[in-house]
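See structure below.
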Number of protein chains: 4
Amino acid sequence: MKIKAGIVGATGYAGAELVRLLLNHPQAEVAAVSSVSYEGKKLSDVYPNFLGLCDDVLCDEDALIEKSDIIFTSVPHGVGEAIAKKAIAKGKKFIDLGADFRLSKEEDYRQWYGGEYHEPALHRMAVYGLPELFYKEIQGAQLIANPGCYPTSIALGLAPAMEAGVLDVNTLILDSKSGVTGAGRGLSQTTHYPDCNEAFSPYKIACHRHTPEIEETLSTLSGFPVKVTFVPHLLPVNRGIVSTMYGKILKNISPAEIRKMYEDYYRDKRFVRVLPEGQTANLKNVRYSNYCDISLHFDARTGRLIVVSCIDNMVKGAAGQAIQNMNLLYGLDEGAGLALVPPAF
Amino acid sequence: MKIKAGIVGATGYAGAELVRLLLNHPQAEVAAVSSVSYEGKKLSDVYPNFLGLCDDVLCDEDALIEKSDIIFTSVPHGVGEAIAKKAIAKGKKFIDLGADFRLSKEEDYRQWYGGEYHEPALHRMAVYGLPELFYKEIQGAQLIANPGCYPTSIALGLAPAMEAGVLDVNTLILDSKSGVTGAGRGLSQTTHYPDCNEAFSPYKIACHRHTPEIEETLSTLSGFPVKVTFVPHLLPVNRGIVSTMYGKILKNISPAEIRKMYEDYYRDKRFVRVLPEGQTANLKNVRYSNYCDISLHFDARTGRLIVVSCIDNMVKGAAGQAIQNMNLLYGLDEGAGLALVPPAF
Amino acid sequence: MKIKAGIVGATGYAGAELVRLLLNHPQAEVAAVSSVSYEGKKLSDVYPNFLGLCDDVLCDEDALIEKSDIIFTSVPHGVGEAIAKKAIAKGKKFIDLGADFRLSKEEDYRQWYGGEYHEPALHRMAVYGLPELFYKEIQGAQLIANPGCYPTSIALGLAPAMEAGVLDVNTLILDSKSGVTGAGRGLSQTTHYPDCNEAFSPYKIACHRHTPEIEETLSTLSGFPVKVTFVPHLLPVNRGIVSTMYGKILKNISPAEIRKMYEDYYRDKRFVRVLPEGQTANLKNVRYSNYCDISLHFDARTGRLIVVSCIDNMVKGAAGQAIQNMNLLYGLDEGAGLALVPPAF
Amino acid sequence: MKIKAGIVGATGYAGAELVRLLLNHPQAEVAAVSSVSYEGKKLSDVYPNFLGLCDDVLCDEDALIEKSDIIFTSVPHGVGEAIAKKAIAKGKKFIDLGADFRLSKEEDYRQWYGGEYHEPALHRMAVYGLPELFYKEIQGAQLIANPGCYPTSIALGLAPAMEAGVLDVNTLILDSKSGVTGAGRGLSQTTHYPDCNEAFSPYKIACHRHTPEIEETLSTLSGFPVKVTFVPHLLPVNRGIVSTMYGKILKNISPAEIRKMYEDYYRDKRFVRVLPEGQTANLKNVRYSNYCDISLHFDARTGRLIVVSCIDNMVKGAAGQAIQNMNLLYGLDEGAGLALVPPAF
């Protein structure tokens, strides 16, 4: 019997992407979809791409929890915690694609999100679901905080260097660019087609909410408190994140050694591809897939390592990673339902 | 044991799309890939999206035929026929994604393509592989002519009306718009990004080579010689075709009756979705999938039927339809390897 | 002293384009800008491209009328009429970029817009401002109805053929495609970037409100009552309209004669370019300019004329044409302020 | 009488943009256009946007020099020097839009471009034409090296901070993103529409040829030898550059003081707009204009200044700046022919 998956917030972009992936999962199925705004409508009325594939009627959150073995929430921050409480109380597994359980320190959450932790017990249970880095913790968990899209691209891009301590952690500049789906399905002037097409600029410069999440992971990996300068940009494409990351090389270590370090680190991780020397990561090569492509570059003139890390923000940066976490929670093959070959165009 | 598929011209766009689909096919596998321009290189050097997924070395056409049970050719017109001869002589199955076997009359081929038929026996064997219309003929075939992208969208959009004889066949106007992958991977000023982006225009107005193919199918379906005005346009998107088609309604038949006729016609065809009344077909809902979405509209003021038909030119318009044909040739489930859920974005 | 121009609805797209053009007009200047939604803000707060060029504070409509010699309104239909009444009463000139004065018959307005004519006297005064066709009427006018964007592209593309009576007026199919600015600055799911990018479809099929306007002009030109099938499409570009138009050739007239007829018709019209034989009109060649490019094509196999007509929907289709009308009203050079060289990219 | 301007390489993108600007210049005119590839054709055959506006026949370089008072060259590096020699010998003024005269040290040119200086006297004459920084030197010059596009955006963005010495020059990270016209009109797989659309990646990481030019200007301004890490990215838009620049603040200076420093520095420079606090520079606000928009941001947590600088790579980054230089050479108003209001969309 298949795992019954429920998606709260199925009409958001990450929710719709979860539906797309679950429809092809060999061991799980969409048991229920919910939406506050569209309750009572069919999912395929909101997303006509699903016509004939998922014509389920959008129900409410309680009915959804009842029908599901595992609940995915793709809702604004502050909303996921209460749903988690209900789901966990009923013994369900829970994966939050929002920010409610990502930060281990409540003070960080308060400072960056302006909210509070109402259920400390849940927060103690929560595991940060970046499988390539926290595989073991995830396997035994019941409640997963699915990482943010930018933090996923950045943590994967820097993890080997952080663990090995080869970079001066005070010099990290993280210049990221994200496709417009990252801003969600909600309307705004910034994402209105004529305002967004043939346009480009950074936003939330050095004040984006993903900053503390990035810093917490990098600090954990390096063993030092890390403070980064993180600047996201809005890119006129639908999907994909490119993070270009800069750091001063500390140790007397050659480019070839750093490259080997990365290759060793990710040898057994099927969703991370460290590109051969001479190639540069491009978001087009990972779109619609769960891959993270990483390329390594060296500025010998200034002694800096430059890492380029690309993901599909909606797959490895959201729904795909959530499925990967679900697979681990259930002891399935990590890549079940994720055999997505990135198209060439 | 899996069916061994060989792809001649694997570095073209349709070839690369065939690789993408075959990598996930449950009963077939990529046995060999060939390319004249890149022989000796790895496919993943040309298409880095395939890194770790298909690192096969591009071989020559003869080696490929040897290794394969079925050969797909995605090559310029005039090239496929000679490859077919070799493959058929060795008892292989053969699907040509080019134009060499699409037209039943050599005089049409001579007029529109400026070439000749050197192997009449092969042309007599060839079956036009549009499964929704010629299912039975395809099942027993050895050599398939995979239809053109525009003709696929148009034939599926008009078939029910043609067979029922509800339109004046002298009034057909076919205004089609195709994404840029339709022009192939070869470089040209027209498809240079700054010339193509924020641009739009028709091309090969009333003289595109798909015209005789369209007319042959519509004539077969209607039983009358059909002459159409067909105008393709280049659309600044990567994938997808929208054909907007106009015809005068002949008989005293209501919109509801025409709609029912379409729904009945396609009831058992899993890859054609006749949209509910009030919805309009949009290429975004079929991208990366094998679906053809059709919407029906009526201009009561002028007595015209307007059909909008959308496909992904690279899937239903090329590689996906070729896989569908392969499935039929081998008696597999028609949709094997084609469970592609179109993404919402 | 310069003509004082006031723009009601300056924060809409057509309004912003009027500002752009007026800032470079040698004999006119922006005297006032108004906006219901942004009153009290600076125009450059809403449109940062105008920073330092037009930092005027958005005022209300009455203050604007007071300060202006000529008033342009770019407001939803039904709103322009009342403003016209006030402006005309004060002896000002008035150009409405909306639909309130475009249709000569109130019954058409009632049927297609669901509104009524409250000021019959104003409607009698109103002149349809398509300068290439109604030059003389415009010169002496006080109140101008600036044509719709689609009707401009279509009327210019068909005028010579209509006047000469070479087409069967019962066979006209008008397949138009417009950039997204045509949908305005207001937010909608359809124009949300990820929903609109890499997408394409027709909309308001055979029921778009520009239909009666198109038919009125074509009927006037041909002397016969014309009914057309008009289907607009939303094109993923910011600017530009391409209308592909089809009609059966009635008379025994050669392509060369039709071409000469077009060239003669537009010889003295500086903003219409009839392209040389062998070229095809493309919206990229008229973007950011007041040109209308027209190319002529013939389908000898079916006896049809195919006209392709391209404009920038925001210039010749809105603000540029309004300036051209203003120039005529004031007896200025028709092209004053409109020496806009279309960029190559 | 108007200044006679000749454009060598008029069929390249920068050449075509020069034509567009010169056609509206009040005191200059296009006297001749040349092209190696298209000699004998009309410019409007290559660029149909110029139909009726510039139908000049493309001549050879010698004929062009004869007819012109000032020669602009938009040719590959290594080609401009020889043309300059001929032009200067005939007493003409000369502006090279290529790289031949930008670097003062031949060793830098040799290292980064692999070429040599054959005419040392010309190199001694050459002035680096960034008018906001080297106004005086330009005024008396005969031979101008028009700056590169990236260096223009970067030098303008950092000049006030460099001159004031507020940044640690060893910490400069320059992350730039350019529209595709920056890669020129020549065909390449990278700029083929389906490969470039919905794609994004850096290129020539830490080894782009604009690096020594950037460093020379920053070193001149700061008085210290500056080494930067410069990483350009290819952005899927036609036009525009955004440079996001990072540097450690050295002195005890407040954000407000830095802002004031920038405002003072650029007070009299009409083409540089320092944005008000709270706004972020976006390339869409400078497209088709000669403006450079600069916004200033501070990362208090890490003590860094972040400068965002936007230009249109084809105007301020190429043809517009060349016109500005021409104006200074002739003692005209600096902004003659450059009253280009950036459109809102």
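Please treat every number below as a calculation from the coordinates, not as lab data. Remember, it's a predicted structure, so these values are computed and weren't measured experimentally. Please note: Cβ atoms are built from the backbone with ideal geometry, for glycine as well, and neighbour counts cover all protein chains shown.
Some points to look at:
- Most mobile of C:Y13, C:Y246, C:Y113 in a GNM of chain C (Cα contacts under 10 Å): C:Y113
- When Rg and the Kirkwood Rh are both derived from Cα coordinates, the Rg/Rh ratio for the stretch B:204-309 amounts to 0.96.
- The ellipsoid equivalent to the alpha-carbon distribution of chain B has semi-axes of 32, 22, 20 angstrom, derived from the gyration tensor eigenvalues as √(5λ) and listed largest first.
- Expected 222 nm ellipticity per residue - DSSP helices of 4 or more, -39500 (n - 2.57), all of the protein assembly as shown, to 500: -9000 deg cm²/dmol
- A viscosity of 0.692 mPa s and a temperature of 37 °C, combined with the Kirkwood radius over Cα pairs in Stokes-Einstein, give a translational diffusion coefficient for the stretch A:247-345 of 222 µm²/s.
- Shielding by partners for peptide D:47-55, expressed as the average number of C-beta atoms from other protein chains within 10 Å of each residue's C-beta, is 6.
- For chain C, averaging the sequence separation of C-alpha pairs within contact (under 8 Å, six or more residues apart) and dividing by the residue count gives a relative contact order of 17 percent.
- Expected-Rg normalisation [2.2 N^0.38 Å, Cα atoms] applied to the stretch B:88-139: 1.20
- When restricted to Cα atoms, the stretch B:293-336 yields an Rg and a Dmax of 16.0, 49 Å, respectively.
- Label-point separation in nm, A:A256 to C:Q111, each point 7 Å along Cα→Cβ: 8.2
- In the elastic network of chain B, a GNM with C-alpha springs shorter than 10 Å, the most mobile of B:L218, B:L329, B:L275 is B:L275.
- Charged side chains reduced to their Cβ positions (Lys and Arg at +1, Asp and Glu at -1) give the protein assembly as shown a dipole of some 0 debye around its Cα centre.
- For the stretch B:214-237, backbone nitrogen atoms closer than 12 Å to the point 7 Å from C:R301 Cα along Cα-to-C-beta are found at B:214-219, B:226-232.
- Viscosity 0.692 mPa s, 37 °C: Kirkwood-radius Stokes-Einstein D of the stretch B:156-228 over Cα pairs, µm²/s: 228
- Span from the the stretch A:262-319 Cα centroid across to the the stretch B:91-119 one, whole angstrom: 45
- log₁₀ of I(q)/I(0) at q = 0.16 Å⁻¹ - the stretch D:92-191, Debye sum with one point per alpha carbon: -0.91
- Charge-dipole axis of chain B as Lys and Arg at +1 and Asp and Glu at -1 on Cβ define it, positive-most pick from B:L18, B:I249, B:I311: B:I249
- If R0 equals 25 Å, the separation of the Cβ atoms of A:K2 and A:H118 corresponds to a calculated FRET efficiency of about 0.15.
- Pairs of Cα atoms nearer than 8 Å and 6+ residues apart set the relative contact order; for the stretch A:83-179 it is 28 percent.
- Size of the stretch C:111-258 as Cα extents on the principal axes (Å, biggest first): 48, 44, 27
- Proximity of backbone amide H atoms, modeled 1.01 Å from N, is registered between C:A28 and C:I3 at under 5 Å, excluding neighbours fewer than 5 places apart on the same chain.
- Highest-MSF residue in chain C out of C:P236, C:P76, C:P194 [GNM, Cα springs under 10 Å]: C:P194
- Inter-chain shielding of C:168-177 (mean C-beta neighbours from other protein chains, 10 Å cut-off): 4
- Rounded if a/c under 1.5, otherwise prolate or oblate - the stretch B:1-96, Cα gyration tensor axes: oblate
- Among the GluC sites (Glu not before Pro) in the stretch B:83-157, those placed in a DSSP loop whose Cβ has at most 13 other Cβ atoms within 10 Å are B:E116.
- For the protein assembly as shown: rounded, prolate or oblate by the Cα gyration tensor [a/c cutoff 1.5]: rounded
- The stretch A:141-198: C-alpha gyration tensor shape, a/c 1.5 cut-off, then a/b vs b/c: oblate
- Calculated FRET efficiency for the pair D:Y135/A:Q139, C-beta based, R₀ 45 Å, to 0.05: 0.10
- Coil-residue trypsin sites (Lys or Arg not before Pro) of the stretch D:50-113, DSSP, other Cβ within 10 Å capped at 16: D:K90, D:K105
- In order along the stretch D:271-282, the Karplus-derived 3J(HN,Hα) couplings, from 6.51 cos²θ - 1.76 cosθ + 1.60 at θ = phi - 60°, round to 9, 10, 10, 7, 6, x, 3, x, 9, 10, 5, 9 Hz, and Gly and Pro are given as x.
- The mean number of partner chain beta-carbon atoms within 10 angstrom of a residue's beta-carbon across peptide D:228-240 is 6.
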